[in-house]
Amino acid sequence: MGKRLAFLLALTSINLVFAAEELTFANPKTNGFDSKKLASSESTVMIFDGAVASKSALANTKQLKTAISYEVADVDRVTVTGYSSTESETDETPFITATGKYVFPGVAASNVLPIGTKFRLPSLFGDRIFVVEDRMHSRYNGKKWVDVWFDSQDKALKFGKRFSSIEILEG
């Protein structure tokens, strides 16, 4: 119950940020909305944990993300795998990262990159930016390995193990 409350508080904070743009976020599980109807609506799309966002809100956040410029500070090769929020892959708090934040699209785990490092994997995800918010099992200490978060175990397993160049970003 505490995790859900923290999630709703975070969602409320997002609402405040987007209020000036008349953009809305809602959690249909707790507000009695018909999530199937909302998800199929032209003006809304489903995002994580059953929350709903307006398409214009998502478009504005994408514009905001692309407006922020980063410079490539370093390029290297890494092994890339996927993980999801299941106790068998994480621990007893599968939706909480090592930094205490909730998982989100773009979160990654690494034992060689410092927490907060932003990076891209251009050959796998194009311009999508990831941020290190989590750690991997200690058997990966010292290895050039990143684990990107997926919203389902099936997607993570389907992604498998791949090799890619990594662009470390700064700015």
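Every number here is computed from the coordinates shown, using simple stated rules; none is lab data. Quantities reported herein were computed from a predicted structural model and do not represent experimental measurements. When we count neighbours, we look across all protein chains shown, and the Cβ atoms used for this are built from the backbone with ideal geometry, even at glycine.
What the table shows:
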| quantity | calculated |
| --- | --- |
| Tally, over the range 87-108, of residues that are assigned to a strand (DSSP E or B) and either over 17 Å from Y140 (Cα atoms) or more than 11 Å from the chain's Cα centre (by Cα) (or both) | 3 |
| Top-ranked residue of the range 121-140 - restricted to ones that are surrounded by fewer than 18 Cβ atoms within 10 Å (Cβ to Cβ) and within 16 Å of the chain's Cα centre (by Cα), ranked as nearest to S165 (Cα to Cα) | L124 |
| Single residue of F159, F150 found to be under 27 Å from Y70 (Cα atoms) and in contact with a helix residue (DSSP H, G or I) (Cβ under 6 Å, 6 or more places away or on another chain) | F150 |
| The range 109-138, residues that are in a loop (DSSP other than H, G, I, E, B) and closer than 14 Å to T79 by Cβ | N111, V112, L113, L121, M136, H137 |
